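J.: Could you have a look at this structure, given as structure tokens, before my questions?
The values are calculated or read from the model by the stated rules, or taken from the named source; none is laboratory data. From a predicted model like this one, the values you see are computed outputs, not experimental measurements. Virtual Cβ from ideal backbone geometry, glycine too; neighbours counted across all protein chains shown.
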Amino acid sequence: MIGFVFLTAMANAEPLHGIAMYGDPALPADYKHFSYVNPAVKKGGRIAYGVVGTFNNFNPFILKAKRTTARGMWDPDFGNLVVESLMTRSRDEPFTMYGLLAETVEWDANRTFIQFNLNPKARWSDGKPVTTEDVIFTFELMRAHGRPPFSTRLDKVERMEKVGDNAVRFTFKPGTDREFPLLLALSPVLPKHATNAETFEQTTLVPPLGSGPYLVKEIKPGERIVYRRNENYWAKDLPSKIGFDNYDEISIEYFLQANTLFEAFKKGEVDIYPEGSPAHWNRAYDFPAVSKGDVIKETFEPRLPANMLAMVFNTRRPIFADKRIREALTLAFDFEWVNRNLFEGTYTRTQSYWQNSELSYLDRPADDLEKRLLGSAIAKVDPEVLAGTYRLPVTDASGRDRKVLKRAFDLLKSAGCHIEGGTMLLPNGSPLAFELLSQNQDQEKLAIAYQRSLAALGIKMTIRTVEDAQYQERTQRFDYDLVIKTYAASLSPGLEQITRWGSSSRDIEGSDNFAGVADPDIDAMIQKILTAGSMEEFEAAVRAHDRLLVSGHYVLPLYHIGEQWVARWKHIEHPEVLPLYGVQYQTWWDRRAQ
């Protein structure tokens, strides 16, 4: 049991205004605001966001209804409008945290502990102060009743202690990774006096009490949630909050289908439309508001590695246990046909989990440091991947490129598969057949193209498109053969790699280990990422991890575009500076504000 004791001696470290994964924070202790905000923005007005789906829950920290929790409560896109974290992340640095609920922090060079010194001005929306008891209560609550990763945060903590009147210190167990203190800083804090631990695991439509900049104004279950600004928000003048939270009112509108959402945007019922389809971006914006200049189309170019959009093989299924079968199924996907016929040649094929960055294996032969980090696992890395030269094949865009399909056939044959009566059979004699779980029409179109290519090899793939709630429930339980998912890329990969690829997350419902990976060599490489003591070692470990994942053929990589497309009604404006991580809606504003 983690102790909760009072200490009279303060930590023997200097209080810091910010902490970085590597090196020092870019901003000095007396910084005024982040570089990517408009500090002189006139606050007021309103914005309406639109999302596809529904909601039946206000608690984002429990497994039940994890994927149908109301947006905006704890939200990387729209902002943590109600619940706040100990510190906040700068989106113009790879991984740097600055003060929020915690005014300053203290740690040692080896990161064996971190101490959060709470801001004495921090208040809940009912006016009561945020206390160390709230912090300790929240961590204990999450351990007992929360969902991953919040439920596991204390696993690496040896002691959690109240220090003086206004600080909490976490002392870590030996061997804890260097990223972990920053993840603690990202943790939410809930009010002990207004949170019922006994009912915490149940879904609720009762708005929680938080410390954030907004309060819940209106609820229409499953359809709309409206937030209003808290005029007494305690942090509105903090440097890390200047230029944020610029609307008096924020509404989040829910729609059952993307096309219905787009029609609402065209009518002005929704103010912003992030676009993901090249064909739609090129063809669908010919309505009057665009020609009049009332709706503006913009392209943004973040400086991040490309996300990995992929069809994910559920290796929990015996049919996908053999890596050669997974590789053959990957080869059968004709990207060139899809890109030409469905996407007007807009996309680039994704080849790496950190493409377009120093973290990618592409065009980088493994150096001595990488090879030392890989150790005996180097035998699992394909020679071309180790050399940095591996690429997915370029087809003739016919949908049935004979040369590529022959490579796929040979791999299947080497795995013991064979053709009988036009049907590809597994070594046990059963047909090589599986189902792709689809979420929408766009995924279905992609799947149909893939289905045709597989048919040329005697492989039968059925397509099942389900509504959002069923899709989320099935993916949460890993109840699928093949599914389309996006793995968000970052310049600072860390603990999320365990939830995506670690053996410990394979059988945890609700984790992001969609492929069902359980490989001790991948586990070991993730630990080397987490414990890297220098940027050089960190980058080498991520590249080695990239090589292992690519060589394992756990997913069928699809495509990416190095841009963000957003259409907006002209009264919604944004700062001139685009941060490293791209569009930040939380810094945008309504120019109609008076």
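J.: Quick check on the range 276-293: of everything there that is in contact with a strand residue (DSSP E or B) (Cβ under 8 Å, 6 or more places away or on another chain) and at pLDDT below 95, which residue is nearest to Tyr254 (Cα to Cα)?
T.: Taking the range 276-293 and keeping what is in contact with a strand residue (DSSP E or B) (Cβ under 8 Å, 6 or more places away or on another chain), we get 276, 281, 285, 287, 289-290.
Pick out the ones that are also at pLDDT below 95 and you get 276, 281.
On the way: Gly276: 18, Trp281: 21 Å.
That would be Gly276.
J.: Of all the residues that make up the range 486-510, how many are aromatic (Phe, Trp, Tyr) and either touching a Ser or Thr at 6+ places or on another chain (Cβ under 6 Å) or part of a helix (DSSP H, G or I) (or both)?
T.: Summing the residues that are aromatic (Phe, Trp, Tyr) and either touching a Ser or Thr at 6+ places or on another chain (Cβ under 6 Å) or part of a helix (DSSP H, G or I) (or both) in the range 486-510 gives 1.
J.: I've got another one for you. Just the residues that are among the acidic types (Asp, Glu), within 24 Å of Met308 (Cβ to Cβ) and in a helix (DSSP H, G or I), please, taken from the range 360-403.
T.: Of everything in the range 360-403, those that are among the acidic types (Asp, Glu), within 24 Å of Met308 (Cβ to Cβ) and in a helix (DSSP H, G or I) turn out to be Glu370, Glu384.
J.: Look through Ile242, Ile252 and report the one residue that is closer than 21 Å to Gln584 by Cα, buried (at least 21 other Cβ atoms within 10 Å of the Cβ) and out of contact with any Leu (no Cβ under 9 Å at 6 or more places or on another chain).
T.: Exactly one of Ile242, Ile252 is closer than 21 Å to Gln584 by Cα, buried (at least 21 other Cβ atoms within 10 Å of the Cβ) and out of contact with any Leu (no Cβ under 9 Å at 6 or more places or on another chain), namely Ile252.
J.: In the range 290-328, what residues are surrounded by fewer than 13 Cβ atoms within 10 Å (Cβ to Cβ), out of contact with any Lys or Arg (no Cβ under 8 Å at 6 or more places or on another chain), assigned to a loop (DSSP other than H, G, I, E, B) and not acidic (Asp, Glu)?
T.: Within the range 290-328, Lys292 is the sole residue that qualifies.
J.: Follow-up. Quick check: anything in the range 72-83 within 24 Å of Leu16 (Cα to Cα) and out of contact with any Pro (no Cβ under 7 Å at 6 or more places or on another chain)?
T.: Checking the range 72-83: at least one residue is within 24 Å of Leu16 (Cα to Cα) and out of contact with any Pro (no Cβ under 7 Å at 6 or more places or on another chain).
J.: Check off (1) surrounded by fewer than 16 Cβ atoms within 10 Å (Cβ to Cβ); (2) modelled with pLDDT under 95 for Asn440 and give me the number that stays unchecked.
T.: (1)
J.: Give me the residue from the range 259-272 that is out of contact with any His (no Cβ under 9 Å at 6 or more places or on another chain) and touching a residue at least 60 places away in the same chain (Cβ under 8 Å) and, out of that set, farthest from His571 (Cα to Cα).
T.: Here the residue is Leu261.
J.: State all residues of the range 163-188 that are among the basic types (Lys, Arg) and either surrounded by 19 or more Cβ atoms within 10 Å (Cβ to Cβ) or without any contact (Cβ under 8 Å) to a residue 24 or more places away in the chain (or both); if no residue qualifies, say none.
T.: Within the range 163-188, Arg169, Lys173 qualify.
J.: May I pose another question? Among the numbered criteria (1) buried (at least 18 other Cβ atoms within 10 Å of the Cβ); (2) at pLDDT 95 or above; (3) outside any strand (DSSP E or B), which single criterion is violated by Arg143?
T.: Every condition holds for Arg143 apart from (1).
J.: If a residue must be more than 27 Å from Ala235 (Cβ to Cβ) and surrounded by 14 or more Cβ atoms within 10 Å (Cβ to Cβ), how many such residues does the range 198-224 contain?
T.: Matching residues across the range 198-224 total 3.
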